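Below is one structure, written out as structure tokens; the observations come after it.
The values are calculated or read from the model by the stated rules, or taken from the named source; none is laboratory data. This one's a predicted model, so the numbers in the text were calculated from it and none came from an experiment. Cβ atoms come from the backbone with ideal geometry, glycine included; neighbour counts cover every protein chain shown. Note: areas computed on protein heavy atoms with side chains; ligands, DNA, RNA excluded. Shrake-Rupley method; radii C 1.70, N 1.55, O 1.52, S 1.80 Å.
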Amino acid sequence: MAGEKSASLDVQGKLCRDIIRCANFAALKHKDQRRKDEIQTPYVNHVIGVAYILTNEAGISDISVIQAALLHDTIEDTGTSFYELQAEFGEDVANLVKEVTDDKTLPKEERKLQQIVNASKSSYRAKLVKLADKLYNLRDLRRATPVGWSKERVDEYFRWASQVVAGLKGTNKALEDSLRDLFAERGITIT
Ligand SMILES: Nc1nc2c(ncn2[C@@H]2O[C@H](COP(=O)(O)OP(=O)(O)O)[C@@H](OP(=O)(O)OP(=O)(O)O)[C@H]2O)c(=O)[nH]1
Ligand SMILES: [Mn+2]
């Protein structure tokens with residue numbers, strides 16, 4: 001009995017460490033980055049919020065998915081390499097982050113189009129992170145308009161996001177229901 005208990009504590013201890021190691025890594029990597037809102041919210045709030053949506057709204061307990069959510073903007077936005085993630089967190093997590101990373105060498109229009117085209121081709125676990133990322137960003141847009149964004153640009157982000165989300169259908173009911181309601185507020189129906 002005592003042996004079993006300490007073995008299960010070891011497993012839980014490792015899971016806790018693995019999650020907090022990612023949160024700490026993300027906090028360090030994003031430390032100089034701010035959101036685009038007026039009050040310059042720390043960027044790390046976004047990646048923690050995406051992980052929180054997955055655990056608390058989507059009911060996800062797959063540790064690699066939660067780790068990937070915490071790390072999901074490190075390659076794209078902080079110059080972290082795939083190899084660094086692989087060395088720190090293993091192949092599975094690094095591959096998931098890579099799957100949700102835009103190719104920043106492409107022009108913005110092309111990059112945005114790629115997201116629409118690639119959404120349905122993603123793995124189930126990458127789709128979860130993509131859905132939670134969109135849900136966080138759309139709620140954030142409803143909360144506060146990024147500095148310099150016109151109403152048209154906000155509307156355009158909603159329309160573009162709805163096309164990406166259309167390709168992620170059939171992945172997680174809770175997330176898709178919340179997204180559908182956000183789009184409906186703007187008169188957008190997901191096809
Ligand atoms: N709504 C909102 N977004 C902000 C804010 N600050 C930073 N962002 C980030 O801006 C990105 C959306 O802005 P865009 O102009 O469309 O894209 P870009 O930064 O990639 O050029 C999102 O990136 P992303 O997470 O990589 O997601 P995605 O747009 O690729 O889906 C989002 O996280 C903010 O205050 N509000
Ligand atoms: Mn993001």
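Looking at K14, K98, K104 in this structure, which one is in contact with a Lys or Arg (Cβ under 9 Å, 6 or more places away or on another chain), open to solvent by 60 Å² or more (accessible area, probe 1.4 Å) and among the charged types (D, E, K, R)? Let's see the steps before the verdict.
Numbers: K14 fails: in contact with a Lys or Arg (Cβ under 9 Å, 6 or more places away or on another chain); K98 fails: in contact with a Lys or Arg (Cβ under 9 Å, 6 or more places away or on another chain).
K104 is the lone residue from the list that is in contact with a Lys or Arg (Cβ under 9 Å, 6 or more places away or on another chain), open to solvent by 60 Å² or more (accessible area, probe 1.4 Å) and among the charged types (D, E, K, R).
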Given (1) away from ligand 2 (no atom under 13 Å from the Cβ); (2) open to solvent by 80 Å² or more (accessible area, probe 1.4 Å); (3) not hydroxyl-bearing (S, T, Y), K36 misses just (1)
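Going by the conditions given, is R139 open to solvent by 80 Å² or more (accessible area, probe 1.4 Å) and in a helix (DSSP H, G or I)? Spell out the reasoning first.
Numbers: open to solvent by 80 Å² or more (accessible area, probe 1.4 Å): no; in a helix (DSSP H, G or I): yes.
For R139, the condition - open to solvent by 80 Å² or more (accessible area, probe 1.4 Å) and in a helix (DSSP H, G or I) - is not met.
Could you tell me which residue of segment 21-48 is farthest from A94 (Cα to Cα), considering only residues that are β-branched (V, I, T) and part of a loop (DSSP other than H, G, I, E, B)? First the steps, then the outcome.
Within segment 21-48, the first condition is being β-branched (V, I, T), and the residues that meet it are 39, 41, 44, 47-48.
Filter once more, keeping what is part of a loop (DSSP other than H, G, I, E, B): 39, 41.
Numbers: I39: 32, T41: 26 Å.
Across segment 21-48, the extreme among qualifying residues is I39.
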Q) Just a yes or no: is a residue in segment 100-109 part of a loop (DSSP other than H, G, I, E, B), β-branched (V, I, T) and under 24 Å from P42 (Cα atoms)? A) yes
Checked pairs for segment 102-114, first modelled with pLDDT under 95, second of a type in the set (D, E), C-beta under 7 Å and 6 or more apart or across chains, list as K104/E76
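Could we say that V147 is open to solvent by less than 30 Å² (accessible area, probe 1.4 Å), within 10 Å of ligand 1 (Cβ to nearest atom) and of a type in the set (V, I, T) here? Let's see the steps before the verdict.
Details: open to solvent by less than 30 Å² (accessible area, probe 1.4 Å): no; within 10 Å of ligand 1 (Cβ to nearest atom): yes; of a type in the set (V, I, T): yes.
No: the conditions fail for V147.
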Quick count over segment 7-64, residues being within 16 Å of ligand 1 (Cβ to nearest atom) and within 13 Å of V129 (Cα to Cα), is 9
Would you mind stating whether V164 is open to solvent by less than 20 Å² (accessible area, probe 1.4 Å) and away from ligand 2 (no atom under 16 Å from the Cβ)?
-> no
In segment 164-189, anything touching a residue at least 40 places away in the same chain (Cβ under 8 Å), under 14 Å from L128 (Cβ atoms) and part of a helix (DSSP H, G or I) is listed as V164, V165, A174, L175, E176, S178, L179
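Can you tell me which residue in segment 75-93 is nearest to ligand 1 (Cβ to nearest atom), limited to those that are assigned to a helix (DSSP H, G or I) and within 14 Å of R21 (Cα to Cα)?
Kept after step one, since they are assigned to a helix (DSSP H, G or I), are these residues of segment 75-93: 75-78, 82-89, 91-93.
The next check asks that each one be within 14 Å of R21 (Cα to Cα); those that pass are 84-89, 93.
On the way: E84: 19, L85: 16, Q86: 21, A87: 23, E88: 21, F89: 19, V93: 18 Å.
Selected residue: L85.
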If we keep only residues of segment 145-186 that are out of contact with any Phe, Trp or Tyr (no Cβ under 8 Å at 6 or more places or on another chain) and of a type in the set (K, R), then the residue farthest from I116 (Cα to Cα) is K151
Matching residues in segment 60-90 (open to solvent by 60 Å² or more (accessible area, probe 1.4 Å) and either within 16 Å of ligand 2 (Cβ to nearest atom) or over 16 Å from F25 (Cβ atoms) (or both)) number 2
### Message
Considering only segment 23-43, I want to know if a residue exists there that is within 30 Å of S150 (Cβ to Cβ), of a type in the set (G, A, S), in contact with a helix residue (DSSP H, G or I) (Cβ under 7 Å, 6 or more places away or on another chain) and touching a residue at least 24 places away in the same chain (Cβ under 8 Å).
### Response
no
